1. Counting pairs of Cα atoms in the stretch 6-52, how many percent are more than 11 Å apart?
2. With a point put 7 Å past each Cα toward its Cβ, work out how far R190 is from A161 in nm, to one decimal.
3. Non-local amide H neighbours of E72 (under 5 Å, H modeled in plane, Pro and chain starts lacking H): which ones?
4. Got the relative contact order for the chain handy, in percent, Cα pairs under 8 Å and 6 or more residues apart?
5. Taking Cα atoms, how many degrees apart are the long axis of helix 56-67 and the longest axis of the chain, rounded to 10 and kept between 0 and 90?
6. Return the aspartates and glutamates within reach of K50: Cα separation strictly under 17 angstrom, same-chain partners fewer than 8 residues apart disregarded; answer none if there are no such residues.
7. Angle between the Cα long axis of helix 16-30 and the longest principal axis of the chain, 0 to 90 degrees, nearest 10?
8. For the stretch 1-54 and the stretch 136-211, what is the separation of their C-alpha centers, rounded to whole Å?
Amino acid sequence: MPYKDILVFLDATGDTPTRLDLAITLAGQHEARLLGVDVSTPAAFEGQWKDQATGLQDLFLTRLGRAGLDGEFRVADRSTGSWKALYAHFADLVVATQRHESNAEFVLPAVPRDVLLSAGVPVLILPPDWRPQPVGRNIVLAWNASREATRAVHDALPLLARAEKVTLFEFAPPADRIESAPRLMADHLRRHGVEAELFTWPDLDDTSPVDALFSCLDRQGSDLIVAGAYGHSPLAEGLLGGVSEDLIHNVSMPLLMSH
């Protein structure tokens, strides 16, 4: 199913313009409606952040009009701070930025973690201070045959179909116990018109899953990670057997996660 509604979170921090630019690019590529949701806290309307916070609607509508896209601006309920008030249920993809302690008080606390774990929608998480660059040309799928990883792969299909290169990464047990699941998933993706290259890293207890994954990313020259998110709020269990928390807090490139 293609993305028809893409939601981007807007706030008073300096990450919003580049996040909005990426969301506009994705909406244009997928012919989707773009929903801009203001998730600023009351504190953002005080002091040095006030002008940015009060100008979010104009920023969104101006850039939306310049791109010739269909969209709407909405304001989250600041009184609750709950993910339920952030409109994520009504989108196919959410674009957010990882929280940073330097400005976390100006963004509603449900963004992005509670939205990821509770809304049932894939979330594309950008690193703080991310600078514009192509996203989705070269994608690595973090695969471990779990429900969450499977969900992430299917949620990413509209992006995978447009990618120039897709790598299916597995952090695997020793060779005599490696299963055929990656090959079966690669065959399934082929039915969707996606050719995926397999990259298996044997688990020999000499490196962590995250280190192995980032080594794969470096070798492949990737620009997007697709992974399943495990656990409940807070993220308690991890990607590939214990590292979702490490991955989401050390993301150095765009990361699409599903729960």
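1. Of all Cα-Cα distances in the stretch 6-52, 66 percent exceed 11 Å.
2. My value for the distance between the label points is 2.0 nm.
3. Distant-sequence amide H within range of E72: L34, L35, G36.
4. 20
5. With both axes taken from Cα atoms, the answer is about 70 degrees.
6. Within reach: D11, D15, D38, D58, E105.
7. Tilt relative to the chain: about 60 degrees.
8. With the stretch 1-54 and the stretch 136-211 each reduced to a Cα centre, they are spaced 30 Å.
Readers should treat all values here as calculations from the given coordinates under stated rules, not as data from a laboratory. The structure presented is a predicted model; accordingly, all values stated were derived computationally and were not measured. A quick note on method: Cβ atoms are made from the backbone with ideal geometry, for glycine too, and the neighbour counts reach across all protein chains shown.
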